[in-house]
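Enquirer: The structure's right below; bear with me while I get my questions together.
Just so you know, all these numbers are worked out from the coordinates, no wet-lab data involved. On a predicted model such as this, the values are computed, not experimentally measured, just so you know. Using ideal geometry, Cβ is built from the backbone for each residue, glycine included, and neighbour counts are taken over all protein chains shown.
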């Protein structure tokens, strides 16, 4: 027998955007049910470095940074690069105008930040980093949701949206025991279930079979919310774009770093903020790097200067300056190692040559990896010794690596990943889902990746910022029961 829950707002997805939507709706007095398919909340937001790009914040003012919304808007266009002509300028404006206030809203819930840090080509520092780690967002939002009476249902997958006429009024779900659950939502449904970076079907359809072989960093990002929206008439925009991928990235540490395990309690974050404010640069950089050296992407400049990419057998298998990220998934275990000698390594100790970008410090150099990522930094006096350290046949590695000067370094394993897809349902500025005719689907809203609406979010901190901004705006629209029909948007 199918159980039925009655509520006012149903939120589908328990990551950053879904939790922000649930908390905001509850703050406005609505009864809220949040459904999450996994056993735990967090989604991709919990895996993030944790930065939010925002302007006109109290943190900027404290540092004497004179920013403006117009400069922020223009800089986002620069970050969009060659895809800027595909950007949704209305939603970009919505984002820019709401990031500062949303950051302060998160702070009011107990989330602590340090910064802002610079990230060119942003002309002002806007990257606000969470303390002690990205888990603080989920912890504080879930705590607020519980306090406000949000009913959180985990381990439950939404199968289909329920409609009466053309209006979305709820969803049919399946729980972990296989039993049915129908949630009826009198005010609206907010889709906040993440992107499709781990959906082979959607990647094949929109990006091609070669890209579909590349894994998503979050295996649970299977495009569920997008599918639900399209089933009731929603339109998918920019589905062929992948942000930060396909590309090679270093694997995450085998165990969480200490910084990643710290609890987001106020005495701890207050001490961290104080230390970060007065810590000298020589100590500050290693501390920040502890946040930043997971899942970072090595630059192709390494190969231009003489590094080579080998597979798990020690064989060089690709042209490193072509599309190695598409060739790597076809190799044994889908992993590889970047091998360089001491002369190449010496080139990547300081600007302008860096191993990878690193949110919060802008760039990571070879010594940052030597100090902070001992699990992927391997150094030896000879190629034979290096082969033993990374577990590949010495004779094969010797054939793959050009003669060079000792010591030799291998960075890896590296794997090919799609970090995030940029495709999202078409929405208006209130995050109402739009049909092919540009008219809102009554009762349906979308946030985060589900509600990206053609918005280009290149740059660190923009996806996470959009998750919180769009989650709140979708909730406000749902609670206000906006019924008017907007001018069709094409």
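Enquirer: Can you give the alpha-carbon Rg of region 80-186 over 2.2 N^0.38 Å, where N counts its residues? Mind dumping the intermediate values first?
Expert: On the way: Rg = 19.5 Å, N = 107, 2.2 N^0.38 = 13.0 Å.
Output field value: 1.50.
Enquirer: Let me ask you something else. Take region 75-131, compute every pairwise Cα distance, and split them into 10 Å bins from 0; I just need the percent in each bin.
Expert: For region 75-131, the pair-distance distribution reads 20, 44, 30, 6.
Enquirer: Here is a follow-up. Please report the relative contact order for the chain, taking Cα pairs under 8 Å with a sequence separation of at least 6, and give it as a percent rounded to a whole number. All intermediate terms of the calculation are to be shown ahead of the outcome.
Expert: Values: 1149 pairs, mean separation 114.1, N = 490.
So the answer I get is 23 percent.
Enquirer: Can you pull the Rg over Rh of region 1-158, Cα-only, Kirkwood? Walk me through the intermediate numbers first.
Expert: Values: Rg = 17.5 Å, Rh = 17.1 Å.
Rg divided by Rh gives 1.02.
Enquirer: Turning to a different aspect of this structure: Let me know the Rg and Dmax you get for region 342-402 when you use only its Cα atoms, in Å.
Expert: Every Cα atom of region 342-402 included, Rg and Dmax give 13.5, 41 Å.
Enquirer: Ok, one more. Please compute the contact order of region 313-388 in relative form: average sequence separation of alpha-carbon pairs under 8 Å and at least six residues apart, divided by the residue count, as a percent. Could the numbers behind the result be given before it?
Expert: Working: 39 pairs, mean separation 11.6, N = 76.
Result for region 313-388 is 15 percent.
Enquirer: As I understand it, the value is the acute angle between the Cα axis of helix 281-292 and the longest principal axis of the Cα atoms of the chain; what does it come to in degrees, rounded to 10?
Expert: It is inclined by approximately 60 degrees.
Enquirer: If you rank 104, 128, 206 by fewest surrounding Cβ atoms within 10 Å, what's the result? It would help to have the intermediate numbers written out before the result.
Expert: Working: 104 15, 128 28, 206 20.
Ordered by Cβ neighbours within 10 Å, fewest first: 104, 206, 128.
Enquirer: Let me ask another. Between 0 and 90 degrees, rounded to the nearest ten: what's the tilt of helix 69-80 against the longest Cα principal axis of the chain?
Expert: Tilt relative to the chain: about 60 degrees.
Enquirer: With angles folded into 0 to 90 degrees, how steeply does helix 462-479 sit against the dominant principal axis of the chain? Use alpha carbons for both and round to 10.
Expert: Once rounded, the angle reads 10 degrees.
Enquirer: For a Förster distance of 30 Å, can you work out the FRET efficiency between the beta-carbons of residue 205 and residue 90, rounded to the nearest 0.05? Provide the component values of the computation, followed by the final result.
Expert: On the way: r = 27 Å, r/R0 = 0.89.
Efficiency for this residue pair is about 0.65.
Enquirer: Further question: Expected output is a single nm value to one decimal: the length gained when fully extending between residue 97 and residue 394, i.e. 0.36 nm times separation in residues minus the C-alpha distance. What is it? Numbers along the way, then the final one.
Expert: On the way: separation 297, 0.36 × 297 = 106.92 nm, distance 5.70 nm.
Between residue 97 and residue 394, full extension yields 101.2 nm more.
Enquirer: What share of Cα pairs, in percent, lie more than 27 angstrom apart in region 123-255?
Expert: Numbers: 3445 of 8778 pairs.
Counting pairs separated by more than 27 Å, the tail of P(r) holds 39 percent.
Enquirer: Also: Quick check on the exposure proxy: order 139, 460, 124, 72 from fewest to most C-beta atoms within 10 angstrom.
Expert: Values: 139 20, 460 26, 124 17, 72 23.
The order, fewest Cβ neighbours first, is 124, 139, 72, 460.
Enquirer: Rounded to the nearest 500, what is the 222 nm mean residue ellipticity of the chain from helices alone, with -39500 (n - 2.57) per DSSP H run of 4+ residues and division by all residues? Working shown, then result.
Expert: Numbers: 18 runs with 165 residues, N = 490.
Taking each H run of at least 4 residues, the total per residue is -9500 deg cm²/dmol.
Enquirer: For the chain, count the residues as N, evaluate 2.2 N^0.38 Å, and divide the Cα radius of gyration by that value, please. Before the final figure, lay out each step's value.
Expert: On the way: Rg = 23.2 Å, N = 490, 2.2 N^0.38 = 23.2 Å.
Ratio of Cα Rg to 2.2 N^0.38 Å: 1.00.
Enquirer: Return, for the Cα atoms of region 302-458, the radius of gyration and Dmax in Å, separated by a comma.
Expert: Using the Cα atoms of region 302-458, the pair Rg, Dmax is 21.4, 67 Å.
Enquirer: Where q = 0.25, 0.28 Å⁻¹, what log10 of I(q)/I(0) comes from the Debye formula for region 305-377, counting one point per Cα?
Expert: So the normalised log intensities are -1.19, -1.23.
Enquirer: Here is a follow-up. Starting from 0 in steps of 10 Å, tell me what percent of the Cα-Cα pairs of region 1-81 lands in each bin.
Expert: Taking all Cα pairs of region 1-81, the binned fractions are 15, 27, 30, 21, 6, 2, 0 percent.
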